[in-house]
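The values are calculated or read from the model by the stated rules, or taken from the named source; none is laboratory data. Note that the coordinates shown come from a computational prediction; the quantities given were computed from them, not determined experimentally. Cβ coordinates were reconstructed from backbone atoms using ideal geometry, including for glycine residues, and neighbour counts include every protein chain displayed.
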Amino acid sequence: MAFDYKKEYKEFYLPKAKPEIVTVPKMNFLAVRGSGDPNTEGGEYKASIGLLYGIAFTIKMSKKGDHQIEGYFDYVVPPLEGFWWQIEKSQVTERSSFSFGIDYSRKDKFQWISVIRLPDFVTKEDFAWAIEEASRKKATDFSKVEFMTYEEGLCVQCMHIGAYDNEPATVEGMHRFMEEQGYTLDITDQRYHHEIYLSDARRVAPERLKTVIRHPIRRV
C-alpha cells in the first residue's frame, strides 16, 4: 500500500472541525506563483494546477523509468494546497469581518502560490530531471514550476466544511480561539493564509467541501 500523507500526518492534513494550535515543520513543495481570480475559466490559477500535477506524477511514476530516485518509496500524491494574500493584505477592508486583510468579494486582487508537497526524498536534482522529463513527454512548458522549501512554524488551524466563500465564519472562530490561548495573528510578507484542499470541487457539493485553513500566529 502506498504511503498516504493525509493518514500518516493527520495533525496537518486531517484536523478536527474546531481550532487547534500546531507547529508545522519545514517541508518541500512544488510551487507555481500567480495572481487573479481562481475561478476564471482558462485562467492562470487553473493552469497552475495542471502544471503542478504534471510534475507531481512525473516524480511519482519515476520508479518505472530510468531515473531511479534514491530512497524512493511508493506514495499517494498529497492534496493541492494554496497560500493566499491580496495586494493590500496589511489593511482590513470595509467588507472584511475579520482582521487578515482578505476581501472575498475582490477575487481579482488575489495573489497566490499553488503548491503540492513533495516527499522528503526528492532532491532539487530530481526536481530538475522531472521538469525536463515532463516538458519532453508532454510538449508543455513547465518552467513556472519551482522547488520551494517553506517552514510554516506556529499556526492556528481548523477543518472548514462548506463553500470557500463561507470561510470567514471559520476564520473568525480560529482567531477567537488563538486570542483566548494567548496568541496573535502573524500574517506577514513571508507568512500567509494557507488552505489545503481535501475535496475535489468538481465532484463534491459546495456544502460538503473539506478545506484545512491555517494561519500563522505568535505569542502575545
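Per-structure values
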quantity: Of the criteria (1) out of contact with any Lys or Arg (no Cβ under 7 Å at 6 or more places or on another chain); (2) surrounded by fewer than 16 Cβ atoms within 10 Å (Cβ to Cβ); (3) at pLDDT 95 or above; (4) not polar (S, T, N, Q), which one Ala201 fails; calculated: (3)
quantity: Hey, Ile161 surrounded by fewer than 17 Cβ atoms within 10 Å (Cβ to Cβ), in contact with a strand residue (DSSP E or B) (Cβ under 9 Å, 6 or more places away or on another chain), under 17 Å from Pro79 (Cα atoms) and not charged (D, E, K, R) or not; calculated: yes
quantity: Subset of segment 170-198 (residues that are among the polar types (S, T, N, Q) and either at pLDDT below 95 or assigned to a strand (DSSP E or B) (or both)); calculated: Thr184, Thr188, Gln190
quantity: Every residue from segment 94-142 that is of a type in the set (Val, Ile, Thr) and modelled with pLDDT under 95; calculated: Ile102
quantity: Residue in segment 156-165 that is of a type in the set (Phe, Trp, Tyr) and assigned to a helix (DSSP H, G or I) present; calculated: yes
quantity: Within segment 144-168, tally of residues that are under 16 Å from Ile113 (Cβ atoms) and of a type in the set (S, T, N, Q); calculated: 1
quantity: Failed criterion for Tyr164 (all others in (1) modelled with pLDDT of 95 or more; (2) farther than 22 Å from Thr23 by Cα hold); calculated: (1)
quantity: Condition check for Leu80: at pLDDT 95 or above, aliphatic (A, V, I, L, M), surrounded by 15 or more Cβ atoms within 10 Å (Cβ to Cβ) and closer than 19 Å to Lys137 by Cβ; calculated: no
quantity: Lone qualifier among Asp186, Asp141, Asp165 - being of a type outside the set (Gly, Ala, Ser) and under 14 Å from Ile217 (Cβ atoms); calculated: Asp186
